[in-house]
Amino acid sequence: METFLTALPPAAIVAGVALFISVRLARSQRRERRLERAHMILSSLSTKAAVDDRHLLGTYHWRNRSFKKGEVRDEVMRAYFSMLWLFSDIQKERTSLLTTNKNKRDEAVEHLDRGIMTVVLEYVCTFNAIKKKLLESDPDEKLFEGSYGDHFSDLCAALAEEVKDDTTKRMLLKVHVNDTEQCLCSCHSVSPKKTSRLTTVA
């Protein structure tokens, strides 16, 4: 190697070193850009609008509260679809991250997956519970999720591909899909509570 380098003209050596540094720098910058993009996708779950929607849905999910047709139901439905659309966007952005990396999970995708896993697992049950409450409060009004519900299922399936824990995999793929799997969400141990007349949307 030393003999080879000695045989090269100084200009060639300098050019080679510059090329090496340039390639390393480009890779580093690409890595940083992808991590920033993953972080931006994650941050969509912590915007004020998303936090407010998660709080509202969580109030009726985790406390097992019911509600009647009217203003409260309208607010819950708005939050329900807002979160459904948000997860749809996250799925699209995650797919784009993979596509631009030859469909291989790199540090950015792994960072995104770790960040959204807990929330996705929660919403496997949240969407199911809230949807039931919406239908119970007004059986005459059907819910049309369009492709957004499919996008959430696609996100669950994508996350399940890298999960080794069988319980987590079942929560992502099978719970609330059919009646053969028991949901492990602790909300099911909470006795139903009726919403009083003084209960506010929050």
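Anything in the stretch 114-162 that is β-branched (Val, Ile, Thr) and within 10 Å of the chain's Cα centre (by Cα)? List them, or say none. Let's see the steps before the verdict.
Initially, the stretch 114-162 is screened for residues β-branched (Val, Ile, Thr), giving 116, 118-120, 124, 126, 130.
Within the stretch 114-162, Ile116, Thr118, Val119, Val120 qualify.
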By residue number, the members of the stretch 96-116 that are in contact (Cβ under 8 Å) with a residue 60 or more places away in the chain and either among the basic types (Lys, Arg) or closer than 19 Å to His151 by Cα (or both) are Leu97, Val109, Leu112, Gly115, Ile116
Taking first residues from the stretch 153-178 that are at positive phi and second residues anywhere that are among the polar types (S, T, N, Q) and open to solvent by less than 70 Å² (accessible area, probe 1.4 Å), the pairs with Cβ under 6 Å that are 6 or more apart or on different chains are His176/Asn128
Within the stretch 92-111, restricting to residues that are outside any helix (DSSP H, G or I) and of a type in the set (D, E, K, R), the one that is least open to solvent (accessible area, probe 1.4 Å) is Asp106
For the stretch 80-106, the count of residues that are over 19 Å from Ser43 (Cβ atoms) and aliphatic (A, V, I, L, M) equals 1
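Kindly provide the set of residues from the stretch 76-111 that are of a type in the set (A, V, I, L, M) and more than 13 Å from Ala50 (Cβ to Cβ), ordered by number.
As a first pass, look at the stretch 76-111 and keep what is of a type in the set (A, V, I, L, M): 76-77, 79, 83-84, 86, 90, 97-98, 108-109.
Scanning the stretch 76-111 gives Val76, Met77, Leu97, Leu98, Ala108, Val109.
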Quick count over the stretch 136-173, residues being surrounded by fewer than 15 Cβ atoms within 10 Å (Cβ to Cβ) and touching an Asp or Glu at 6+ places or on another chain (Cβ under 8 Å), is 1
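The values are calculated or read from the model by the stated rules, or taken from the named source; none is laboratory data. Predicted model, so just to flag it, every value in this text is computed and none were measured. Here Cβ is always computed from backbone atoms with ideal geometry, including for glycine, and neighbour counts include all displayed protein chains. Just the protein is used for accessible areas: all its heavy atoms, side chains included, with ligands, DNA and RNA removed. Shrake-Rupley method; radii C 1.70, N 1.55, O 1.52, S 1.80 Å.
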